[in-house]
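The values are calculated or read from the model by the stated rules, or taken from the named source; none is laboratory data. This structure is a prediction, so every number in the text was calculated from the model and none was measured. As a convention, Cβ positions derive from the backbone with ideal geometry for all residues, glycine included, and neighbour counts pool all protein chains shown.
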Amino acid sequence: MKAGESVNEYFAQTLTIANKMKANGENKGDVVVVEKILRSMTPKFDYVVCSIEESRDIDTLTIDELQSSLLVHEQRMSAHVEEEHALKITHGDQAGGRG
């Protein structure tokens with residue numbers, strides 16, 4: 001996964017490659033795909049990946065379940081960034097008015 005790339009974009013690319021491999025007779029199975037996705041996430045997902053690996057059985061985790069879980073975390077992270085940005089703007093406006 002590249003920095004700035006969304007979970008949906010990354011999954012679309014990864015599943016396209018996995019499907020092409022299946023079409024060529026090289027079916028790795030969902031477990032291998034799930035493991036590769038978890039290993040290739042960007043560092044901002046490290047704590048999420050650790051949490052998933054510790055709390056879930058990777059051998060039974062489906063690709064859809066993994067994508068859903070990562071999407072929820074991505075949305076939460078982006079919401080926190082937006083809140084921080086709004087707080088900075090609000091705080092900056094108040095500081096600018098003094099003076």
(Q) I'm trying to understand the selection: among the residues of region 59-71, which are over 16 Å from the mean Cα position of the chain (by Cα) and not acidic (D, E)? (A) T60
**Q.** Of residues in region 4-49 being aromatic (F, W, Y) and either loosely packed, with under 11 Cβ neighbours inside 10 Å or under 14 Å from I63 (Cα atoms) (or both), the one farthest from the chain's Cα centre (by Cα)
**A.** Y47
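The rows are residues; the columns are (1) modelled with pLDDT of 90 or more; (2) of a type in the set (D, E); (3) part of a helix (DSSP H, G or I); (4) within 14 Å of M1 (Cβ to Cβ).
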| residue | (1), (2), (3), (4) |
| --- | --- |
| K28 | no, no, no, no |
| L61 | yes, no, no, no |
| D64 | yes, yes, yes, no |
| E74 | yes, yes, yes, yes |
| D93 | no, yes, yes, no |
